[in-house]
Amino acid sequence: MTAATRPHLLSLEEWDALGEDSSSHAELQEGVLIVSPKLRPEHQYAAGVLFSVLNGATPEGFRAYPEVDLILEARTPASVRAPDAVVMPQDAAKPFVASDAILVVEVLSPGTRRTDLVMKRHEYAEVGIPHYWIVDLDGADVRLEVLTLVDGAYESVGATGAFAATAPFAVRLDLDALR
């Protein structure tokens, strides 16, 4: 038996070289490739409705994107997240960097719940994303946690049913329609 080679932390260039893979959901967390199962149909539906609503409400000069790579840290060990939706300036350079995002949205899944609630909350605040929305489909009501960055930390407000935001732009969302 031979010893396995020691794995190493991926650089952004190595991440890019992996190419696209539609059979799973992948992110890069501090150089470690995190692969999770393809998203459940309920998750995909909710993310699609959210993207559609955001896309229709996004002000001139901005665009909503569904599940695009968002570079949090380009230096090795690199970090790249793929939020369910992100709103960026229309002229943002590609590949997208997190510091350009004005809103990031995650729909919780059983396999990523802790990462979305804890790790990404910390990461997104650290890179200065001003608005982070977390959608929870579990439970009797669909719940939205609206996080706003204030002095380097997120302040949280919860919502169910009909939701109307004024920041980062005006948008109305029927949370029950996400199921």
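Relative to the Cα centre, what is the charge dipole magnitude of the stretch 27-126, using +1 at the beta carbon of each Lys and Arg, -1 at the beta carbon of each Asp and Glu, and rounding to the nearest 20 debye?
So the magnitude is around 240 debye.
Roughly what angle does helix 41-57 make with the longest principal axis of the chain, taking Cα atoms, 0 to 90 degrees, to the nearest 10?
Computed tilt is about 60 degrees.
Quick check for you: with a 1.4 Å probe and neighbouring chains kept, what is the accessible area per residue of the stretch 75-170, in Å²? Intermediate values should be presented prior to the final figure.
Values: 4240 Å² over 96 residues.
For the stretch 75-170, the solvent-accessible area averages 44 Å² per residue.
From the residues 98, 169, 36, which one has its Cα farthest along the dipole of the chain in the positive direction, the dipole being from +1 and -1 charges on Cβ of Lys/Arg and Asp/Glu about the Cα centre?
The Cα lying farthest towards the positive end belongs to 36.
Out of 45, 154, 124, any idea which swings most in a Gaussian network model of the chain, alpha carbons joined below 10 Å?
Of 45, 154, 124, the Gaussian network model singles out 45 as fluctuating most.
What is the distance, in nm, between label points placed 7 Å from the Cα along the Cα-to-Cβ direction at residue 151 and at residue 42?
3.9
Quick check on the chain: helices-only [θ] at 222 nm, where DSSP H runs of length 4 and up contribute -39,500 (n - 2.57) each and the sum goes over total residues. Nearest 500, please. List each step's numbers first, then the result.
Values: 3 runs with 30 residues, N = 179.
Helix-only estimate at 222 nm: -5000 deg cm²/dmol.
log₁₀ I(q)/I(0) of the stretch 90-171 at q = 0.16, 0.17 Å⁻¹, via Debye over equal Cα point scatterers, no solvent, to two decimals?
Each listed q maps to, in turn, -0.64, -0.72.
Calculate the tail of P(r) for the chain: the fraction of all Cα-Cα distances greater than 23 Å, expressed in %. Spell out each step's value before the answer.
Details: 6505 of 15931 pairs.
So the pairs more than 23 Å apart make up 41 percent of the total in the chain.
When you have a sec, figure out the Kirkwood radius of the stretch 8-95 from all distinct Cα pair distances and drop it here in Å to one decimal? Could you put the intermediate results ahead of the total?
Details: mean 1/r = 0.0709 Å⁻¹.
Kirkwood hydrodynamic radius for the stretch 8-95: 14.1 Å.
Out of 117, 137, 26, whose Cα points farthest toward the positive end of the dipole of the chain (charges: +1 Lys, Arg; -1 Asp, Glu; placed on Cβ)?
Checked the options; the winner is 137.
If you put +1 on each Lys and Arg Cβ and -1 on each Asp and Glu Cβ, how big is the dipole of the chain around its Cα centre, in Debye rounded to 20? Write down the numbers at each step before the final one.
Values: 14 positive and 27 negative charges, 50 e Å.
Roughly 240 debye for the chain.
Report the charge-dipole magnitude of the stretch 1-73 in Debye, nearest 20, computed about the Cα centre from +1 at each Lys and Arg Cβ and -1 at each Asp and Glu Cβ. List each step's numbers first, then the result.
On the way: 4 positive and 12 negative charges, 60 e Å.
So the dipole magnitude of the stretch 1-73 works out to roughly 280 debye.
The values are calculated or read from the model by the stated rules, or taken from the named source; none is laboratory data. This one's a predicted model, so the numbers in the text were calculated from it and none came from an experiment. Quick reminder, even Gly has a Cβ in these numbers, built from the backbone with ideal geometry, and neighbours come from all protein chains shown. Areas reflect the complete protein model, heavy atoms only, side chains present, ligands, DNA and RNA absent. Shrake-Rupley method; radii C 1.70, N 1.55, O 1.52, S 1.80 Å.
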